[in-house]
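Reading through the structure tokens given below for one structure.
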Amino acid sequence: MKPNSQDKTPNLPAGKANQALTKVPASTTIPEAKSRKNISIKVFGVGGAGGNMVEQMIKSGFSEVSFAVFNTDAESLENSSATQKLRLESKLLRGLGTGGDPDLGRAAAEEHLPELKALCEKTDVVFIVAGLGGGTATGAAPVAAKVAKEAGALVLGFVTLPFDCEGVRRQRQAQEGLEQLKAAADGVICLPNQKVFKLIDENTSLIDTFKITNDLLADGVRGIWQLLTRTGLIDIHFADLCAVLRGRHTESSFAAAEAMGANRSREVMEKMLAHPMFEGGQMLNEAEAVLVSLMGGPDLTMAEVNRVMEQINRQCENAQVIMGAAVDPAFKDRLSVTVVATRPSLPEKSPAATDDVEADERTPAPSKNRPGLESQFLSPSLTGRPASRFVAPPPELTSEKREQLLEQQATTLGRQRKKSSRMRQGQLSLEIISKGRFDKSEPTIHKGEDLDVPTYIRRGVALN
Amino acid sequence: MFEPASLIVGLEIGTSKICAAVGEINAAGAVNLIGLGQSRSRGVRKGEIADAPLAEEDVRNAIVEAEQMADVEIRSVYLGVTGGHIRGFNNRGVHPVVSADREIAEEDVQDVIKNAKAINLPAQNHVVHAIRQHFLVDGQDGIENPVGMFGARVEVDVHVVHGNFNRLQNPIRTVKSLQLEVEAIVFNGLASALALLTPEQKELGALVIDIGGGTTDYAVYADGTIKHTGVLAIGGDHVSNDLAYGLKVPLGRAEQLKIEHGAALLDSACGVSVSGRAALGAGVTPQAESIKGKTITLSNELGLTLKTINLEHLRRIMSLRLEEIFQLIGQDLEQAGLLDYLRSGIFVCGGGSRIPQIEKLGEKVFELPVSLGKASSISGLKSALDQPEFATAIGLVKYGSFIQHQKKSGRASLTDGIKTTLSQIFRLG
């Protein structure tokens, strides 16, 4: 790797890994993989930074994951050790890079749609790692995400946003790219590089800094990969992950913590709450959906699981929490907790998001105590899933039927529906009651009741 | 004349009445009420301004009256705010102690409070109050000041009162257009509680219900700190409106009927002006009489009978509405798990507390002792202090005195070179 190319993370001796990170040691993280299902996972590194991140992941030893890198720049492709490489060359580029123009990156990727499609075949999960803000990644990553999704894979983006010091234009480009990627992918886990400042001390070298961000993302990919592939005592299904990420098109945050010894369940939560990615637990407070995965040795006790979950539930009272716990002999005496927290989506929706019909239809949030529900509708059976999940929207009838089924099954749904029907009733009420003085002021609605209407009328007390 | 700092003015722009209270801090630091101004309010609905020019005029009248009475010039006010958009909730902030020796420093305390204030509010909402309750160190509850303690994690509970930013701006704008400064905005329920409750009552636990014209504000104190606040956008206006609708009389007449014949319970001892029908011939006894069949005769200016109204209906309509207000508050507190903490009982104030037998109705609903609140711990115009309508304005003055006190002590100790971080954190005892 050449230090003077757009390379951000030259190789470092492994010992230099940052101590501040609660990182899983690479040697032990991947014990004899006991893949539960044959989920095929692919990691796409897009652009220069994406390529570097992939490089680092390969080095930290992922098994059963295939890597592919895309770049417009031939040089950095050559240096990559990924098995599949795709050079996004284009006439527009005339053999050069994109020069920081996302439009060029997008155009180049669109010229290579068939190749991209071929890469996505028979893949269940695609991780797209990229550093947004430049030309290639910002433009090509959303294209790659779209292609992968059309091929039927669950697409998760793991992206970094530029440092503040990299300039406003780059930030804006990155934001635009992020929006597009959010619209195209099922979920985006996003790491603003600026946050890394909290992890490093004053004297950290530039090289180390980029290495840390790459490590963090690699941790993220690894965490999710573990969630999916490891046999759990309390399983996290592929569908659970979908429930947290899919259709939200929003930013997720991610943190992993690990502790050893007798007090591990307490320590691990302390680390988790102190994790800079969660802004001191703040992220959990704001989270809309939270996915928790615990991983421990055979000595993992229920009480420990309970202690951790109690803490998490207290932190995020309003969130939908999905948990899983797995046991791995290699984790003897260790407890590792991985949390993916999704912030509520912003009200405005990027126009590109409209093509995701299925996600929009899925209005009710699957409740925790009905674990079968979301898998019933969301999880395509993992073996015989049609390749065109997203391309052909389900027929009208199915959605109605789904509504019906949901109505029958979900108790939480019942409440929602009741509310809406009550609202309707208020408008269609036959007896029109004048509210006198309050006719034109904002109604005082309390639990669906208009309190401006005289109490005796609402209570049906007759005055003769 | 007075130094501006020693003069504190509380202004409540209420739905039925605008009230300005002028307090002065004497040399000993105690607050003395020296003036009151009030004016009928016409431009306010449900605690929020609906007609700005009218409201402005009314506020001016109240301020002028207060200025004349206290013989001062009012430059700034503490403004009470209310409205159905205001919400109160408790939030907990968490902060891990990162220093090597795990000793909790001032900075940790600052950070944890900052965390607790950073709440996920809708963008258009604005925090009116963030009042610190208690600290927790490593899960140990009830810590007043954690600085210097050892621990791995500090948490703090705060009570946050927030409301829609634009709607909070409306009364501020009205006041500013009169060339008056707004020192701070204060939630009315909180101000009323400050006026009525003694420190002992706050410690024991008390609920203050301020039944105003357009809103009913309430606040719960327990263990010396504020635990809960809320607003119901229902008040005396609703009672009048119900009566107008139910008895089929004009609104003004309904209000008059409410004041003259109203009561919170059906059977009452206050049927003074009930004109019993001759046929019944029961005679009007002031003691517990049955109102069954009693009627009120409405006459026009010539003395001709317009309409007769069944007193029972009037009372029933009123009683149901007031009962509902109490029930809604009761439900809210039950949800918050606070009903068991009200060991010193419930205090009512505001114009609504003038309704005969409102205490009895409250006792029936809450099954707790209910009494009329009296403004305490402030001296001055005795007649005003006993009036339940002035509780909010007086509370605003008291709130102002807290702030002034904090500012002063902050300034003084800064010059003394003493660390003041804690005293500067806004706190209401």
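The values are calculated or read from the model by the stated rules, or taken from the named source; none is laboratory data. All values reported here derive from a predicted model rather than from experimental measurement. All Cβ positions, even for glycine, are placed from backbone atoms using ideal geometry, and neighbour counts span all protein chains on display. These accessible areas exclude ligands, DNA and RNA; they are computed on the full protein's heavy atoms, side chains included. Shrake-Rupley method; radii C 1.70, N 1.55, O 1.52, S 1.80 Å.
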Extended-chain gain in nm, criterion 0.36 nm per residue less alpha-carbon gap, B:GLU144 and B:ASN166: 4.4 nm
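In Å², what does the accessible area per residue of chain B work out to with a 1.4 Å probe?
Accessible area per residue: 42 Å².
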Per-pair calculated FRET efficiency, R0 = 45 Å: A:ALA330 and A:GLU121 via Cβ, rounded to 0.05: 0.90
Entries of A:LYS435/B:LYS117; B:LYS292/B:LYS364; A:LYS440/B:LYS117; B:LYS176/B:LYS398; A:LYS440/B:LYS360 with Cα pairs more than 27 Å apart: A:LYS435/B:LYS117; A:LYS440/B:LYS117; A:LYS440/B:LYS360
Other protein chain Cβ atoms within 10 Å, averaged over every residue that makes up B:232-241: 5
At least 20 Å² accessible surface lost relative to isolated chain, residues of segment B:28-73 (1.4 Å probe): B:ARG45, B:LYS46
Shielding score for A:443-453, defined as the mean number of other chain Cβ atoms within 10 Å: 4
Burial order of peptide ranges A:217-227, B:385-395 (average beta-carbon count within 10 Å, highest first): B:385-395, A:217-227
Cα gyration tensor, chain B - rounded (a/c under 1.5), prolate or oblate: prolate
Residue-averaged beta-carbon neighbours from other chains (10 angstrom radius) around B:350-359: 0
Geometric extent, Cα atoms of segment B:2-54 - Rg, Dmax (angstrom): 14.0, 42
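Determine, from the Cβ-Cβ distance of A:ILE445 and B:ASP51 and an R0 of 25 Å, the FRET efficiency 1/(1 + (r/R0)^6), rounded to the nearest 0.05. Please list the in-between numbers first.
Numbers: r = 23 Å, r/R0 = 0.93.
Efficiency computed from Cβ-Cβ geometry: 0.60.
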Convex hull per residue volume in Å³, alpha carbons only, for segment B:303-355: 109 Å³
Options B:GLY345, B:HIS159, B:VAL137, ranked by Cα towards positive dipole end of chain B, top entry (Cβ charges): B:GLY345
Residue list for segment A:192-212, given a label point 7 angstrom along the Cα-to-Cβ vector of A:CYS165 and an amide N cut-off under 12 Å: A:194, A:197, A:202-207, A:209-210
Using alpha carbons only: equivalent-ellipsoid semi-axes of segment B:65-215, gyration tensor based, whole Å: 35, 18, 16
B:THR308-B:ALA105 pseudo-label distance in nm [points 7 Å out on the Cα-to-Cβ vector]: 8.3 nm
Dipole in debye (nearest 20) - chain B, about Cα centre, beta carbon charges: Lys, Arg +1; Asp, Glu -1: 1060 debye
A versus B: buried accessible surface, summed, Å² (probe 1.4 Å, to nearest 100): 2900 Å²
Highest-first arrangement of A:51-62, B:28-39, where packing means the average Cβ count within 10 Å: A:51-62, B:28-39
FRET efficiency for A:ASN318 and B:GLN256, using Cβ-Cβ distance with R0 set to 35 Å, rounded to 0.05: 0.15
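Over segment B:60-192, with every protein chain in place, what whole percent of the accessible area is carbon and sulfur at 1.4 Å, could you tell me? Let's see the in-between values first.
Working: 2610 of 5680 Å².
Here it works out to 46 percent.
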